[in-house]
Every structure is written in C-alpha cells, then in structure tokens.
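Written out below as structure tokens is the structure these notes cover.
The values are calculated or read from the model by the stated rules, or taken from the named source; none is laboratory data. Every value quoted in this text rests on a predicted model; they were computed, and no experiment measured them. All Cβ positions, glycine included, derive from the backbone under ideal geometry; neighbour counts span all protein chains shown.
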C-alpha cells in the first residue's frame, strides 16, 4: 500500500471555493481594520477640532481704552515706596478700584463695562512708571465678562447694545491674552490664568517620576533577574497585577490615610506628616498609583531581552550586576520608557485621588516649591467647568488645550529618550 498523497488539484471547484472564501475573509479583515483606524482618527480629529473651536477664544481678551486723569483724581501715593517691595501695600489704600469705576462711569456712563480686576492693571502701570500719576493717560483695561461675551456674539441684548456703543466709540480692541499663561486662579473669568495649575502639575509630575520610575524599574529587575521562584514571589506578582487595576480613588484614600492622617505615639497625638494640598503629597499619591504599571511594563521589557545576551556577557567574564545594568537594561529601556509614558500620562489626567488629598483649593499664588499649596490642570479644569459664569466655559476649553499640549510635550520627550537609547545601543 503506497503512502504517497495524491497531488492537490488546485483547479477543482471545491478547492477554488475554499480559496475564494479565504481571500474574502482576508478582505473583510482588512476592511474592518481600516474602518477601526479611520473611526479612531475621526474621534481624535473631532476632539481636537471641538477643543480648538471652543477654546481658542479663551486665549484672547477684550480691552476697553479708558482715559484716566490722575492729577484730577487727587490720588496720593508715597512715591518713594513705588520702587520697593512695599509698592503693593502703598497702592492698596489709594482707592484705585474706585478710581477706575469713577473714570468708567464718567467716560461711558456705566462703570460695569470694566472688569472688577481692571484696577490691578492700573496698579501694575503705576509701579512700572510712577510718573503717570502726574498726567492724563489712556490705559487699555480688561472689559467685563458681559462685554467680552457680547463682542464674541454671545450674551444678552443689553450687553450687546453696550458693546456696540463702545465699538462705535472706537475704544474696544481684541488682543492675545498673555495673562492667561502667567496668572493663577481668580473669581473673575477675565482675570484667570493657568500658570498656577500648570506649575502645580509640573511639580507633581516631577515628584511622581522621581519616585515611581526608579522604584518601579528596580523592583522589576529584582523580580525578573534575582527573585527566587516560590509562592511568595507568585503572591507578589499577583498583587502587583491586581494593584494595576485598582480604581484611582482608592489610591487617593491611601494617600489621605498615609500622608495626611494623624498619628499617635506614647499617648501623644500628632498631626499630618506632610502639608495638605501640596505637590509633594500629590506626587507621592500618584507615584503609588502608577508604580504597578511601570513594574509590569518593565518586567515584560526585561523578559523580552534574548537569553543569549546574558550568556554572552557572562561568557566574557561580566558579573551578574554588569550583565543586568550594562547589557539587559539598555536593551530593555525602550520598553521601560513606553510603560513609563503610559503611567505618567495616566497620572497627568487624574483628578479623583488629588481631590481627596485637598488639591482642589482656590490657589491665587503659584506654588513656590513642593510643599506649597497647589492644584493641577485636571482639577483646575474640573473647578472651572463647575462655575456658573459663562466666561469660564472658554477658559475651561483653553485649559484643556494647555493640558493636551503638556501631555504631547511630555510624550514627545519620552519618545525622544526612547529613540536615543535605541540608537546608542
């Protein structure tokens, strides 16, 4: 009995039918794959277009040219103090807010066309040039929220009529709002800025990276290269995998209990170990949250390094430590950085754990260090989205654009570092 197989008849109807079905499945797979990519790109484009369309106006402001006759107001200021750190204190009792309101009422018949924070710009102008107190000057001051909305086509009929009157008088102008990029939070949507929250995010992300990255990578190296294979190691691995899926608000509760909880010793009650709503506490909490992600990604990257690399290094006399840090780790670094990007991106957009540790405070002054009260961009966006004033809608979208740019910049830096490590090796 012969064991030879009969030659396949590729032209047979049954075989041609099978081939056609296989090609049809391949075409369907390509179609659905292309449709999925197209749908994802469409959602991304819709998000970007919507944010830019709603947020670009948040980077602009409406100014009203107001004539102020300083000698006629009778304002009295100690000139010698205007060039010292006590300048704000010297101008605090000068009645600049009433001065601006009076000048607006005289010029336009309505003091509400100028923002409540307009007098702050007058104060800065006096500090920059005290000689303006001796003459009449035209100063561009921020318009009120109602006038600003009316100029953009929104607002009620009364505000639109007032804006039309001001525009007819030639005192309205539209400018790029540089104050939005270097000021902090305020109750007035015209005067708000994103710098305080942006600086808080920078400080928080710095603490998160400095703690989570080295601890996560070293933990992965130990578990993958040195840890014995027993039930305790298996328990640790399972725990890390489970921690990566824990909701972020749980880490907020953990940070609240560990870093901000009161404690007692020998009958004495002590307060929190760290200051509330500080970037240091936020960074520690977010580091705990993303550390499992970094450990898992780092272990997978280390595991992907071929065993022949280790064997070759050991064969030429390298010690186990040299094998890991001179050969395995550089090869695994691109994958490790990819996991770090994912973890840091998750931390950058988190809100719930930071709300629990008090980083939702009204911060007027940007934080000067890691222990100063601070907030972050996602929390600032959340707070502005909850405001009643219509002017905060544009500021919320503008803040989202800043957050996206920050995220893209952070990811771009990580990708550059990853490519640099690949090229070096």
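Is it fair to say residue 171 is in contact with a strand residue (DSSP E or B) (Cβ under 6 Å, 6 or more places away or on another chain) and modelled with pLDDT under 85? So that I can check it myself, show each step before the final result.
Working: in contact with a strand residue (DSSP E or B) (Cβ under 6 Å, 6 or more places away or on another chain): yes; modelled with pLDDT under 85: no.
No: the conditions fail for residue 171.
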Subject >> Failed condition for residue 191, given (1) closer than 15 Å to residue 59 by Cα; (2) modelled with pLDDT of 85 or more >> reply: (2)
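Taking the options 176, 213, name whichever one is surrounded by 19 or more Cβ atoms within 10 Å (Cβ to Cβ), closer than 23 Å to residue 405 by Cα and touching a helix residue (DSSP H, G or I) at 6+ places or on another chain (Cβ under 9 Å).
Values: 176 fails: surrounded by 19 or more Cβ atoms within 10 Å (Cβ to Cβ).
Checking each option against the conditions leaves just 213.
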Subject >> Checking residue 116 against (1) out of contact with any helix residue (DSSP H, G or I) (no Cβ under 7 Å at 6 or more places or on another chain); (2) modelled with pLDDT of 85 or more; (3) buried (at least 18 other Cβ atoms within 10 Å of the Cβ), the condition it does not meet >> reply: (2)
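Would a scan of the stretch 338-347 turn up a residue that is over 22 Å from residue 203 (Cβ atoms), touching a helix residue (DSSP H, G or I) at 6+ places or on another chain (Cβ under 9 Å) and in contact (Cβ under 8 Å) with a residue 12 or more places away in the chain? Step through it out loud before you land on a result.
First, pick out the residues of the stretch 338-347 that are over 22 Å from residue 203 (Cβ atoms): 338-339.
Now drop any that are not touching a helix residue (DSSP H, G or I) at 6+ places or on another chain (Cβ under 9 Å), which leaves 338-339.
Right, trim to in contact (Cβ under 8 Å) with a residue 12 or more places away in the chain and you get 338-339.
Scanning the stretch 338-347 turns up at least one residue that is over 22 Å from residue 203 (Cβ atoms), touching a helix residue (DSSP H, G or I) at 6+ places or on another chain (Cβ under 9 Å) and in contact (Cβ under 8 Å) with a residue 12 or more places away in the chain.
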Subject >> Any hit, the stretch 200-212, residues being over 18 Å from the mean Cα position of the chain (by Cα) and assigned to a loop (DSSP other than H, G, I, E, B) >> reply: no
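I need a count of the residues in the stretch 42-74 that are crowded, with 16+ Cβ neighbours inside 10 Å and not in a helix (DSSP H, G or I). First the steps, then the outcome.
Filtering the stretch 42-74 for residues crowded, with 16+ Cβ neighbours inside 10 Å gives 51, 54-55, 57-64, 66, 68, 70, 73.
In the following step, the residues that additionally are not in a helix (DSSP H, G or I) were identified as 60-64, 66, 68.
So the answer is 7.
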Original post:
If you go through the stretch 356-392, how many residues are closer than 20 Å to residue 206 by Cα and either assigned by TED's automatic domain parsing to the domain that holds residue 155 or surrounded by fewer than 17 Cβ atoms within 10 Å (Cβ to Cβ) (or both)?
Top reply: 4
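Touching a residue at least 40 places away in the same chain (Cβ under 8 Å) and within 22 Å of the chain's Cα centre (by Cα), is that true of residue 194? Spell out the reasoning first.
Numbers: touching a residue at least 40 places away in the same chain (Cβ under 8 Å): yes; within 22 Å of the chain's Cα centre (by Cα): yes.
Yes: the conditions hold for residue 194.
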